[in-house]
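Below is one structure, written out as C-alpha cells; comments come after it.
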Amino acid sequence: MPEQERKALGVARLFTPRQRAAITLIGLGKTQAESARLLALKPTTMASSLLGLAGELECQRRVSAVVHAAYKHPDFPLPQRVGPVPGIEELDEYASMMLDAHAEGVTVKRLGETKGIGVAQLSIFNRQLYDLLGARTPSHAVRLAWRAGWFTRACDGAVADGAGARR
C-alpha cells in the first residue's frame, strides 16, 4: 500500500482504526478469513464487523458494496489514484456491468435475473473483468476501479455514464 494512503488511513475520522484496516485489507483482495487472521480476529467477528459497517454506510451487505460505500464517503481516504489501467481506455459493456454490480452489492445470480443473462455467461464476464484488472475478488476489483479513476466521489463532479467515471 502506498505510504500516503497508509498515513491517511491512520488519521481518518471515519470508523475505528481496526474497521478502516478491515475495509482496506478486503479492498486489497484479502478474503474475510485472511483479513480476520491479519487483524487477530475471529472470522465471525470480522463478518459481524463488516455487516455493521454496511449498516452504518447504508449499503448492501455484500463486502464489495461496503468497500465501495466507504470510498464514496468523504471522510474515508481514497486509494492512491494511479490513472487508467494500461491498455484500457474504457471498460466494455460487460466488464462495466460486472464492476457496477460488485460496487452495488448485486450478486451474479440476481444480475442474471434482472438482465436475462445466464449465470454461466456472467461468470465468464466476471472472470474476464478480474483478468483485465488483475483482481482477486469483487472488492479488489472495486478498489482497482477507484485507483484507475473509474469511480469518483459525487463531489468530484463526475457523472455516471456507464463507460467512464462513475459515482
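Details
- Accessible-area value, Leu51, 1.4 Å probe, nucleic acids and ligands omitted, Å²: 80 Å²
- Kirkwood hydrodynamic radius computed over the chain comes to 16.2 Å, based on all pairs of distinct alpha carbons.
- When all protein chains stay in place and ligands, DNA and RNA are ignored, the 1.4 Å accessible-area order of Thr45, Thr152, largest first, is Thr45, Thr152.
- Charge dipole of segment 14-112 (Cα centre as origin; +1 on each Lys and Arg Cβ, -1 on each Asp and Glu Cβ, all else neutral): 620 debye, rounded to the nearest 20.
- Solvent-accessible surface of segment 91-134, taken per residue with a 1.4 Å probe and all protein chains present: 53 Å².
- Scattering profile of segment 100-143 at q = 0.16, 0.18 Å⁻¹ [log10 I(q)/I(0), Debye over alpha-carbon scatterers]: -0.38, -0.48
- Total lysine pairs whose alpha carbons fall under 22 Å of each other in the chain (8 or more apart, or interchain): 4
- Computed over segment 1-83, Cα set: Rg, Dmax in Å: 11.9, 36
- The share of accessible area on segment 1-69 that comes from carbon and sulfur is 53 percent, using a 1.4 angstrom probe.
- Shown here are the Rg and Dmax of the Cα trace of segment 50-126, at 14.2, 39 Å.
- Unit charges at the beta carbon, dipole of the chain: most positive-side option, Gln60, Gly10, Leu122: Gly10
- Under the span-like rule (Cα at least 20 Å along the axis, Kyte-Doolittle mean at least 1.6), DSSP H helices of the chain: none
- To the nearest 10, the accessible area of Thr16 is 70 Å² with a 1.4 Å probe.
- Extension gain for the segment Gln80 to Ala154, taken as residue separation times 0.36 nm less the Cα-Cα distance, is 24.9 nm to one decimal.
- When only Cα pairs below 8 angstrom with a gap of at least 6 residues are kept, segment 1-140 shows a relative contact order of 27 percent.
- Dividing the summed helix terms, -39500 (n - 2.57) for each DSSP H run of n ≥ 4, by the number of residues in the chain produces a 222 nm estimate of -17500 deg cm²/dmol to the nearest 500.
The values are calculated or read from the model by the stated rules, or taken from the named source; none is laboratory data. What you are looking at is a predicted structure, and each value in this text was computed from that prediction instead of being measured. Cβ sites come from the backbone with ideal geometry, for glycine too, and all protein chains shown count toward neighbours. Quick note on the areas: whole protein, heavy atoms, side chains included, nothing else; ligands and nucleic acids left out. Shrake-Rupley method; radii C 1.70, N 1.55, O 1.52, S 1.80 Å.
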